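Chemist: My questions all concern the structure below.
Any read-out appearing in this document is the output of simple, stated calculations on the displayed coordinates, not a laboratory observation. Please read all numbers here as calculations on a predicted model, not as lab measurements. Here the Cβ positions follow ideal geometry from the backbone for every residue, glycine too, while neighbour counts run over all protein chains shown.
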Amino acid sequence: MRRLHAPLAWVGGRWQRDVLLTVDATGHWAGVSPGQPAPADAEALAGPVLPGLVDAHSHAFQRAFVGLAETRAAGQDDFWSWRDRMYALALRISPQQLRAVAGQLYAELLRGGYTQVCEFHYLHHPARGERFGDELDMAWALAGAAQDVGLGLTLLPVVYTRSGFGAAGLRPDQHRFAADADWAWRACQRIRAAGLPRVTAGVALHSLRGASPDDIARLHRLVGDTDLPVHIHVAEQTAEVADCLAATGQRPLQWLAASGRLDPRWQLVHATHAQHDEIEAVARSGAGLVLCPGTEANLGDGLADLPGWLRHGVPLAVGSDSQVTRGWVEELRWLEYGQRLALRQRNVAAAPGVQPSSAARLFDAAVRGGARAAGFAAWGLVPGARADALVLDRQADGLRGLPDEALLDAVVFGSHGAPWQSVWVAGRALPRRAPQRVGEAFEQAMRELWTPGLSPG
Ligand code: ZN
């Protein structure tokens, strides 16, 4: 047993003093006890301690596209024109390049305060749709990248069988993604059976346009009564809502709720375009919501009904998705600021009388919702959870001189975004910088991917 002592730690949704944290031999918290003087054998943590967060939605390969889609030469730019340009990258990245790109991303996610990432993985095959020697070469590349830098990983092999509502199959430029429910389920089982440290798996459906009702029914049967998370992109775009209405007579969230399959294992990614009755139906099902405010802003998706989701108590997590933002502070800030701008109000996420701090309400929601998204029964500074933590630097810009009670508010709304001096995973402080070879491999992959003549757009 290893014992750590923090002057201040975020336990039970508030700052508590003199917290003794005990780590067991497997790297999980054996005990979390506020109000304890430091025992002689305890290691003193130099600052206030927050739990690490789960990045609940990531497509690692898109890290290679960050900063390369921010121009508009003519006409109108939107999600669909972005997607066409993004496919140019998706269609040529190799397993080696994916490992290099994901390594850089995962190091950045750790610096951004995430200690686990849910990888919504649909780049399964070589570009022309043939098969790798090991069908999971791309998945192993992601797992290797996570191991290289010490980030926890929940791999979600994605079912992707058709190009749109009513389509019989995928487009030629989508054959890399081809996976039916049985394929994704086998992939999930193999990843779990591999027993890699801090790597687990669930499953995902690309979207209602990318998977048919039969695919969804089949995956539902395969998942059975296991406790594995099931992720799906839903209602991100108004065009998707219109197509779903035309094909089924129902909006995407209406259709999913009416299917009777939603339950607390389901994680609805984006759900940007949701009506009140849909939010109520999702709340009744127990399913969770994954918002990616940085990406949703970058892609011009629209604004989620945050007050509606919070009012109905729907579990909420955040994700980095397209990787334009790679830290939870920025996601929570965007989440609240989007609402302030739209509603011309302040502290929209706060719940007066229950939790008056917007930052605290969003942070606690993200701790709980992220755990479910990643498939963990316990997460945060609680016994049984993996011993992950962020040790704040009280001298950091934005935190210096503040009273204890305001620290989390200042982290979210007043800091540069990552005001911690160390990041801990499984009871160990990670090195402050990722190995140099991680950055070098990323630069090499970027040179290969973006040689002249293969520019984006
Ligand atoms: Zn996504």
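Chemist: Can you give me the long-range amide H partners of Ser357? Hydrogens built in the peptide plane at 1.01 Å from N, cutoff under 5 Å, separation of 5 or more residues or another chain.
Modeler: Ala351
Chemist: May I ask you to compute the full-extension gain from Ala46 to Gln436, defined as 0.36 nm times their residue separation minus their alpha-carbon distance, rounded to one decimal in nm?
Modeler: Here the segment from Ala46 to Gln436 would lengthen by 137.7 nm.
Chemist: In bins 10 Å wide, starting from 0, what share of all Cα pairs of the stretch 357-429 does each bin hold, as a percent?
Modeler: Spelled out per bin, shortest first, that is 19, 43, 34, 4.
Chemist: Here is a follow-up. Rank by packing, highest mean first: peptides 300-307, 245-252, 174-181, with packing defined as the count of other Cβ atoms within 10 Å averaged across residues.
Modeler: The most tightly packed comes first, giving 174-181, 300-307, 245-252.
Chemist: What fraction of the Cα pairs in the stretch 308-430, stated in percent, has a spacing above 23 angstrom?
Modeler: Tail fraction, whole percent: 35.
Chemist: Moving on. Taking the Cα-to-Cβ direction at Arg311 and at Glu448 and moving 7 Å from each Cα, how far apart do the two end points lie in nm?
Modeler: Distance between the two pseudo-spin positions: 5.2 nm.
Chemist: Could I ask something else about it? Using 0.36 nm per residue of separation minus the Cα-Cα distance, give me the extension gain between Arg186 and Ala406 in nm, one decimal.
Modeler: Result for the pair: 74.5 nm of gain on full extension.
Chemist: Here is a further query. What FRET efficiency comes out for the pair Gln76/Glu135, r = Cβ-Cβ distance, R0 = 41 Å, nearest 0.05?
Modeler: Efficiency for this residue pair is about 0.55.
Chemist: Each label point is 7 Å from the Cα along the Cα-to-Cβ direction; what then is the distance between the points at Ser33 and Ala378, in nm?
Modeler: 1.5
Chemist: Could you give the length gained by full extension between Asp227 and Ala25, i.e. 0.36 nm per residue of separation minus their alpha carbon distance, to one decimal place?
Modeler: 70.2 nm
Chemist: Listed highest first by mean packing, meaning other Cβ atoms within 10 Å per residue, what order do 385-392, 419-426, 74-81, 431-438 come in?
Modeler: The densest-packed peptide leads the list: 385-392, 419-426, 431-438, 74-81.
Chemist: Read phi for every residue in the stretch 341-357 and hand back ³J(HN,Hα) as whole Hz from Karplus 6.51 cos²θ - 1.76 cosθ + 1.60, θ = phi - 60°, with x for Gly and Pro.
Modeler: Karplus-based 3J(HN,Hα) across the stretch 341-357 equals 5, 6, 9, 6, 10, 10, 6, 5, 6, 5, 10, x, x, 10, 9, x, 8 Hz.
Chemist: Hey, got the dipole for the chain? About the Cα centre, +1 on K and R Cβ, -1 on D and E Cβ, debye to the nearest 20?
Modeler: For the chain, the charge dipole is close to 400 debye.
Chemist: Can you sort Glu119, Glu236 by how many other beta carbons sit within 10 Å, fewest first? Mind showing how you got there, number by number?
Modeler: Values: Glu119 28, Glu236 23.
In increasing order of surrounding Cβ atoms, one gets Glu236, Glu119.
Chemist: If you build the convex hull over the alpha carbons only and average its shadow over all orientations, what do you get for the stretch 401-450? Give it in nm² to one decimal.
Modeler: The Cα convex hull of the stretch 401-450, projected and averaged over all directions, gives 6.0 nm².
Chemist: Let me ask you something else. Using alpha carbon coordinates only, what is the Rg to Rh ratio of the stretch 268-342, with Rh defined as the Kirkwood radius?
Modeler: 0.95
Chemist: What does the convex hull of the Cα atoms come to per residue for the stretch 1-103, in Å³?
Modeler: On the way: hull volume 18.3 nm³, N = 103.
Measuring per residue, one finds 178 Å³ for the Cα hull of the stretch 1-103.
Chemist: Measuring from label point to label point, each 7 Å out along Cα→Cβ, what is the Ala193 to Gln421 span in nm?
Modeler: 4.7
Chemist: If packing is taken as the average count of other Cβ atoms within 10 Å, what order do 442-449, 189-196, 120-127 fall into, highest mean first? Display every interim value, and only then the final one.
Modeler: On the way: 442-449: 16.8, 189-196: 14.6, 120-127: 21.6.
Highest-to-lowest ranking by the protection proxy: 120-127, 442-449, 189-196.
Chemist: Sticking with this one: What FRET efficiency comes out for the pair Ala258/Asp84, r = Cβ-Cβ distance, R0 = 30 Å, nearest 0.05?
Modeler: Efficiency at R0 = 30 Å is approximately 0.40.
Chemist: Shifting gears a bit: What percent of all Cα-Cα pairs in the stretch 53-374 falls into each 10 Å bin, going from 0 up to the bin containing the maximum distance?
Modeler: It works out to 6, 28, 38, 23, 5, 0, in whole percents.
Chemist: Additional query: What is the calculated FRET efficiency for Arg17 to Ala167, with r their C-beta to C-beta distance and R₀ = 60 Å, to the nearest 0.05?
Modeler: According to the calculation, E is roughly 0.55.
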